[in-house]
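Novice: Have a look at the structure that comes next, please.
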Amino acid sequence: ATPIAVLVGTGRGAELGILITGPEALEAAERIDVVLIDKTGTLTEGRMTVGDVTAEGIDPDDLLLLAGAVEAASEHPIARAVVAASGSATPPDVDDFRSVAGRGVTGIVAGRTVAAGSVAFVESGAGLLPPTLREAVGRAEADGSSIVAVAVAGRPVGVVAVGDRIRSDARETVERLHRAGASVVLLTGDNAGAARSVATSLGIDDVVADVRPEGKLAEVRDRQDAGARVAMVGDGVNDAAALAAADLGIAMGGGTDAAKHASDITLTAGSPVAVAAAIELSRRTLGVIR
Ligand code: ADP
Ligand code: MG
């Protein structure tokens with residue numbers, strides 16, 4: 001592309017809420033075959049709210065208080081929902097806080113170890129969930145909720161269902177990407193039930209769920225190895241490796257710095273529809289000159 005065409009493209013991009021790092025990004029966007037797109041915070045608003053709380057051997061309010069305390073230091077949208085539901089203006093202090101991307105968090109609250117995260121994460125540290133909590137997981141998955149399992153002092157004691165709203169323009173995003181000839185794959189660390197329910201309502205036919213950050217990266221690489229030119233769209237620390245490896249990494253403006261640093265394009269308007277606009281823009285800008 002000529003320098004002038006790229007300048008026009010990037011300038012128009014800024015008007016559309018698309019921050020482009022350089023001409024390579026515009027050229028990569030023109031050739032994309034498949035768009036891998038994160039769910040939580042990207043296709044959904046990432047403003048989650050707590051639904052059903054199931055506690056086993058602990059008072060539900062205490063469960064939320066302890067989980068909210070460890071989640072207070074996490075920047076994950078799920079964490080913000082749990083903190084809000086814990087209803088405590090001054091959450092208890094947490095020692096030895098740890099965060100594992102795409103898995104969950106742990107910390108010591110009032111002398112007890114608290115873990116909050118995916119079922120697999122909590123079970124790996126505290127053993128299998130008892131039947132009442134298993135059933136709560138099944139109900140939450142069936143209604144499309146995300147799930148936070150909680151263990152206290154090495155015992156699984158709770159399941160918190162967390163719901164999110166699909167962004168109003170997510171459907172248009174998928175339609176425009178399809179029209180531009182790109183296939184769309186939902187790629188999420190969330191459970192298969194939550195992933196399916198979002199995919200179905202958006203007309204996305206390919207879903208990869210329950211993947212950790214390395215799994216997102218592997219998905220990008222597998223498709224590149226098969227000859228596809230891959231765009232990845234995400235917002236989280238859990239997306240950073242996949243964003244960096246993709247032919248085109250696209251970060252949500254409202255997301256984490258880790259995602260933005262790993263990406264070629266940032267969507268400043270905070271809407272995934274700009275992904276489609278970016279690909280359309282690149283084709284117009286570069287197509288004119290060739
Ligand atoms: P996505 O790929 O949709 O953005 P993530 O990979 O960030 O989702 O998270 C996958 C799953 O890991 C979540 O659905 C949740 O069960 C768990 N998880 C990750 N981070 C946290 C956290 N801070 N608190 C609770 N659960 C978490
Ligand atoms: Mg996300």
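Novice: G255 - would you say it is within 16 Å of ligand 2 (Cβ to nearest atom) and either assigned by TED's automatic domain parsing to the domain that holds V174 or not in a helix (DSSP H, G or I) (or both)?
Specialist: For G255, the condition - within 16 Å of ligand 2 (Cβ to nearest atom) and either assigned by TED's automatic domain parsing to the domain that holds V174 or not in a helix (DSSP H, G or I) (or both) - is met.
Novice: Would a scan of segment 91-104 turn up a residue that is assigned to a helix (DSSP H, G or I) and under 19 Å from A149 (Cα atoms)?
Specialist: no
Novice: Can I ask one more? Does D235 fit the bill of being under 27 Å from V100 (Cα atoms), surrounded by 24 or more Cβ atoms within 10 Å (Cβ to Cβ) and acidic (D, E)?
Specialist: yes
Novice: Could you go through segment 19-34 and let me know if any residue there is under 26 Å from A242 (Cα atoms), outside the structural domain of V233 (by TED's automatic domain parsing) and touching a residue at least 24 places away in the same chain (Cβ under 8 Å).
Specialist: No - not one qualifying residue is present in segment 19-34.
Novice: Looking at segment 51-77, which of the residues that are out of contact with any strand residue (DSSP E or B) (no Cβ under 7 Å at 6 or more places or on another chain) and outside any loop (DSSP other than H, G, I, E, B) is nearest to G102 (Cα to Cα)?
Specialist: The extreme case among them is P77.
Novice: Name every residue in segment 24-50 that is surrounded by fewer than 24 Cβ atoms within 10 Å (Cβ to Cβ), within 15 Å of ligand 2 (Cβ to nearest atom) and farther than 18 Å from V160 by Cβ, in order of residue number.
Specialist: Across segment 24-50, the qualifying residue is only E45.
Novice: Moving on to the next point. Taking helices (runs of 4 or more DSSP H) that do not extend beyond segment 130-231, which have at least 2 residues that are surrounded by 15 or more Cβ atoms within 10 Å (Cβ to Cβ) and under 15 Å from the mean Cα position of the chain (by Cα)?
Specialist: 192-202, 213-225
The values are calculated or read from the model by the stated rules, or taken from the named source; none is laboratory data. Note that the structure is a prediction, hence the values are computed from the model and not measured. Neighbour counts are summed over all protein chains in view; Cβ atoms, including those assigned to glycine, are modelled from backbone coordinates with ideal geometry.
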